[in-house]
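Here the structure comes first, spelled out in structure tokens, and everything after it is commentary.
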Amino acid sequence: MSDSDPPPSSVITERPMPMFVAAGWALGATLVFLLLVSLVIYLSPGAADDLISQVTCQGGAYLLAIFFILRVHAPTAPASAFLAFRRTSLAFYPLGILLGAAFFLPATALFDAIIHRFPLPAFDDPTIGIFLSASLPRKLVMGGVACVAGPFLEELLFRGALFKPLRKSFLGLATPTIITTALLFALVHMERQRMVHVGLMGLGLGFIRKESGSIVPSTLVHFAYNASVFATSILCTTPASPDLEIPAPRWAVAVSALVAVGLLGLIHLVGKHSETARRAQELDRA
């Protein structure tokens with residue numbers, strides 16, 4: 001990672017990305033992902049229940065989209081700078097991990113409330129059962145895919161490739177950029193029952209991305225959140241009862257939500273007062 005400025009002699013052209021164009025990139029990447037999954041399942045029906053195959057298809061689709069976004073919107077810019085891989089305040093890293101974990105209970109409670117009112121279609125997801133019966137090496141791969149690879153790909157696209165050119169189209173304003181990327185992030189999850197808590201999660205991810213000037217802290221938030229979801233799913237189920245649900249007490253949800261709000265406040269303070277963070281923000285706006 002580097003937070004250095006490009007050489008003065010280099011000519012960098014970064015084109016703005018209007019909202020409808022960003023929507024096209026996000027939905028196009030999702031469509032390619034679905035087509036790849038359909039092709040893989042057609043060739044190997046067992047892949048329908050294979051998390052690794054699905055995230056591999058997601059990786060192919062998202063990386064292809066990011067490649068073309070770079071070619072169209074930043075053909076001469078360094079990819080690392082465009083995607084915001086740069087140093088920022090070290091305080092953002094533990095704060096990001098804590099924020100991801102704190103998001104888990106409120107997001108889960110909100111999702112449970114929504115599906116209680118608007119139930120999901122009957123669907124048997126065998127992922128947890130497959131994980132519990134898998135060998136240790138396969139468990140490690142599945143855990144890495146669910147908690148690291150998937151979140152990393154989503155951050156690369158939404159808080160990376162889409163964020164900076166969208167911000168240019170909004171004349172440098174961060175708030176509409178954060179809202180737009182959060183809406184697109186929710187939209188590509190497709191199921192309407194998931195869109196509210198995923199959208200709120202996207203707002204938090206965009207906020208720390210803006211305050212830090214780097215994609216790394218938002219990626220850590222996403223890692224920690226997915227790891228919390230995955231670990232809880234594993235600890236609260238058994239091969240005999242993979243659908244076991246243990247609702248969290250309301251007080252725990254409330255405390256977790258307050259902790260998340262407090263962490264967002266600390267993230268803002270770090271972004272405001274850290275010299276390293278301010279420099280990363282300046283590079284991000286350049």
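The values are calculated or read from the model by the stated rules, or taken from the named source; none is laboratory data. These numbers were taken from a predicted model, which means no experiment stands behind them. Counting neighbours? That spans all protein chains shown, and the Cβs are built from the backbone with ideal geometry, glycine included.
I'm trying to understand the selection: among the residues of the stretch 69-78, which are in a helix (DSSP H, G or I) and more than 20 Å from L205 (Cβ to Cβ)? Please lay out each step first, then the result.
Step one: filter the stretch 69-78 for residues in a helix (DSSP H, G or I), giving 69-73.
Matches in the stretch 69-78: L70, R71, V72, H73.
Hey, any hits in the stretch 128-135 for a residue that's surrounded by fewer than 17 Cβ atoms within 10 Å (Cβ to Cβ) and either without any contact (Cβ under 8 Å) to a residue 12 or more places away in the chain or under 21 Å from the mean Cα position of the chain (by Cα) (or both)? It would help to see each step written out before you state the result.
Residues of the stretch 128-135 surrounded by fewer than 17 Cβ atoms within 10 Å (Cβ to Cβ): 132-135.
Next, from what is left, pick out any that are either without any contact (Cβ under 8 Å) to a residue 12 or more places away in the chain or under 21 Å from the mean Cα position of the chain (by Cα) (or both): 134-135.
Yes; the residues of the stretch 128-135 include at least one that is surrounded by fewer than 17 Cβ atoms within 10 Å (Cβ to Cβ) and either without any contact (Cβ under 8 Å) to a residue 12 or more places away in the chain or under 21 Å from the mean Cα position of the chain (by Cα) (or both).
Of everything in the stretch 79-98, what is assigned to a helix (DSSP H, G or I) and touching a residue at least 12 places away in the same chain (Cβ under 8 Å)? Give them in sequence order. Walk me through it before giving the result.
The first filter runs over the stretch 79-98 and keeps only residues assigned to a helix (DSSP H, G or I), leaving 79-82, 92-98.
Once the filter is applied, which keeps residues that are assigned to a helix (DSSP H, G or I) and touching a residue at least 12 places away in the same chain (Cβ under 8 Å), the stretch 79-98 yields S80, A81, F82, F92, Y93, L95, G96, I97, L98.
Is there a residue being of a type in the set (A, V, I, L, M, F, W, C), closer than 30 Å to V55 by Cα and touching a strand residue (DSSP E or B) at 6+ places or on another chain (Cβ under 8 Å) anywhere in the stretch 214-224? So that I can check it myself, show each step before the final result.
To start, the set of residues in the stretch 214-224 that are of a type in the set (A, V, I, L, M, F, W, C) comprises 215-216, 220-221, 223-224.
Okay, now just the ones that are also closer than 30 Å to V55 by Cα, so 215-216, 220-221, 223-224.
When the remaining residues are screened for being touching a strand residue (DSSP E or B) at 6+ places or on another chain (Cβ under 8 Å), the result is none.
Checking the stretch 214-224: not a single residue is of a type in the set (A, V, I, L, M, F, W, C), closer than 30 Å to V55 by Cα and touching a strand residue (DSSP E or B) at 6+ places or on another chain (Cβ under 8 Å).
Given (1) more than 19 Å from the chain's Cα centre (by Cα); (2) farther than 30 Å from A277 by Cα; (3) not in a loop (DSSP other than H, G, I, E, B), where does P121 come up short, assuming only one miss?
Of (1) more than 19 Å from the chain's Cα centre (by Cα); (2) farther than 30 Å from A277 by Cα; (3) not in a loop (DSSP other than H, G, I, E, B), only one is false for P121: (3).
From the residues in the stretch 74-118 that are charged (D, E, K, R) and more than 30 Å from A161 (Cβ to Cβ), which one is nearest to the chain's Cα centre (by Cα)? Please lay out each step first, then the result.
Initial filter on the stretch 74-118 (charged (D, E, K, R)): 86-87, 112, 117.
Filter once more, so that each one left must be more than 30 Å from A161 (Cβ to Cβ): 112, 117.
Working: D112: 20, R117: 26 Å.
Once the filter is applied, the top-ranked residue is D112.
Can you spot a residue in the stretch 45-65 that is surrounded by 21 or more Cβ atoms within 10 Å (Cβ to Cβ) and touching a Cys at 6+ places or on another chain (Cβ under 8 Å)?
Taking every residue of the stretch 45-65 in turn, none turns out to be surrounded by 21 or more Cβ atoms within 10 Å (Cβ to Cβ) and touching a Cys at 6+ places or on another chain (Cβ under 8 Å).
Here are the criteria: (1) of a type in the set (A, V, I, L, M, F, W, C); (2) over 20 Å from V188 (Cα atoms); (3) assigned to a helix (DSSP H, G or I); (4) under 19 Å from the mean Cα position of the chain (by Cα). Tell me which single one W25 does not satisfy.
Going through (1) of a type in the set (A, V, I, L, M, F, W, C); (2) over 20 Å from V188 (Cα atoms); (3) assigned to a helix (DSSP H, G or I); (4) under 19 Å from the mean Cα position of the chain (by Cα) one by one, W25 breaks only (2).
Quick grid of which residues meet (1) touching a Ser or Thr at 6+ places or on another chain (Cβ under 9 Å); (2) over 23 Å from A146 (Cβ atoms); (3) in a helix (DSSP H, G or I); (4) aliphatic (A, V, I, L, M):
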| residue | (1), (2), (3), (4) |
| --- | --- |
| T177 | yes, yes, yes, no |
| L183 | no, yes, yes, yes |
| V196 | no, no, yes, yes |
| Y225 | no, no, yes, no |
| A231 | no, no, yes, yes |
| I267 | yes, yes, yes, yes |
| G271 | yes, yes, yes, no |
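Across the stretch 136-148, what is the number of residues that are among the hydrophobic types (A, V, I, L, M, F, W, C) and either surrounded by fewer than 18 Cβ atoms within 10 Å (Cβ to Cβ) or at pLDDT below 85 (or both)? I'd like the intermediate steps shown before the answer.
The initial filter retains those residues of the stretch 136-148 that are among the hydrophobic types (A, V, I, L, M, F, W, C), namely 136, 140-142, 145-148.
Then keep just the ones that are either surrounded by fewer than 18 Cβ atoms within 10 Å (Cβ to Cβ) or at pLDDT below 85 (or both); that gives 136, 140-141, 148.
So the count comes out to 4.
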